[in-house]
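The values are calculated or read from the model by the stated rules, or taken from the named source; none is laboratory data. On a predicted model such as this, the values are computed, not experimentally measured, just so you know. A quick note on method: Cβ atoms are made from the backbone with ideal geometry, for glycine too, and the neighbour counts reach across all protein chains shown. In case anyone asks, the SASA skips ligands and DNA or RNA and just uses the protein heavy atoms, side chains included. Shrake-Rupley method; radii C 1.70, N 1.55, O 1.52, S 1.80 Å.
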Amino acid sequence: MNIKIAIADDHTIVAESLGKMLSKQPGMSVVASYGTGTALLEGLKMQQPDVLLLDIHFPDSTGNELVRMIKPLYPDLKILAITSVDDPYNVQDMMQQGCSGYVHKTVTSAMLVEAIETIHAGGEFLQPSLKEGLLKTILYPDNSKNLRSIQLTSREQEILALICEGLTNMEISDKLYLSHRTIEYNRMILYQKFGVKNTASLVKLAVQHGLIK
């Protein structure tokens, strides 16, 4: 058995480290590496791996967007999200979009290999610490939030600040040189994290709890 693996991560050093480690594993080979969403989509047209290791954030797209586009085209491709984002909302969203697994970048080599082998065999894999957080979110969705404990990525903090300045999605897209869909996706994630349904409520909570400067 030889599991063909592709890596999609915009941090070259991370992709190279993963590639070197996995290439040493018996029965695994790294066949491609991509640094942008566009490069990934073009590369998949040329060759399809068995397993794709996919980060969540790229300069030109998000993991959510990419999974939505990739799965209908390549339904047999197994996708493992591997990212530094560990909040339950992202985990749930990526799995619902079609990922077969989700691990944090601090995962051990042994667990990463286990995750790849598990999803290649048709199963699903969630890192135990992430599974615990996701289970709590599903079982207790209405628990009041400690907003100061919400963890935002640097990109989400940046977008939240611009939302609070009153900028529209298009204006934020132009300012940050990101796609309109990327801004929409991040706004949706912010709504989920804050437990709100509209921009007014998001801004109100962010200001009240000092989550923006």
Just a yes or no: is a residue in the stretch 37-47 within 19 Å of VAL107 (Cα to Cα), modelled with pLDDT under 95 and within 14 Å of the chain's Cα centre (by Cα)? no
Applying the selection to the stretch 74-107, what residues are within 22 Å of MET21 (Cβ to Cβ), at pLDDT 95 or above and open to solvent by 40 Å² or more (accessible area, probe 1.4 Å)? LYS78
Residue ID - modelled with the lowest pLDDT, chosen from residues in the stretch 154-213 that are small (Gly, Ala, Ser) and over 18 Å from SER61 (Cβ atoms): GLY210
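Residues are listed down the side, and each one gets a yes or a no for (1) surrounded by fewer than 19 Cβ atoms within 10 Å (Cβ to Cβ); (2) in contact (Cβ under 8 Å) with a residue 24 or more places away in the chain; (3) among the small types (Gly, Ala, Ser):
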{"residue": "GLN25", "(1), (2), (3)": "yes, yes, no"}
{"residue": "VAL30", "(1), (2), (3)": "no, yes, no"}
{"residue": "TYR34", "(1), (2), (3)": "no, yes, no"}
{"residue": "LEU44", "(1), (2), (3)": "no, yes, no"}
{"residue": "ASP50", "(1), (2), (3)": "no, yes, no"}
{"residue": "LEU53", "(1), (2), (3)": "no, yes, no"}
{"residue": "MET69", "(1), (2), (3)": "yes, yes, no"}
{"residue": "PRO72", "(1), (2), (3)": "yes, no, no"}
So, in the stretch 172-202, how many residues would count as being aliphatic (A, V, I, L, M) and surrounded by 18 or more Cβ atoms within 10 Å (Cβ to Cβ)? 6
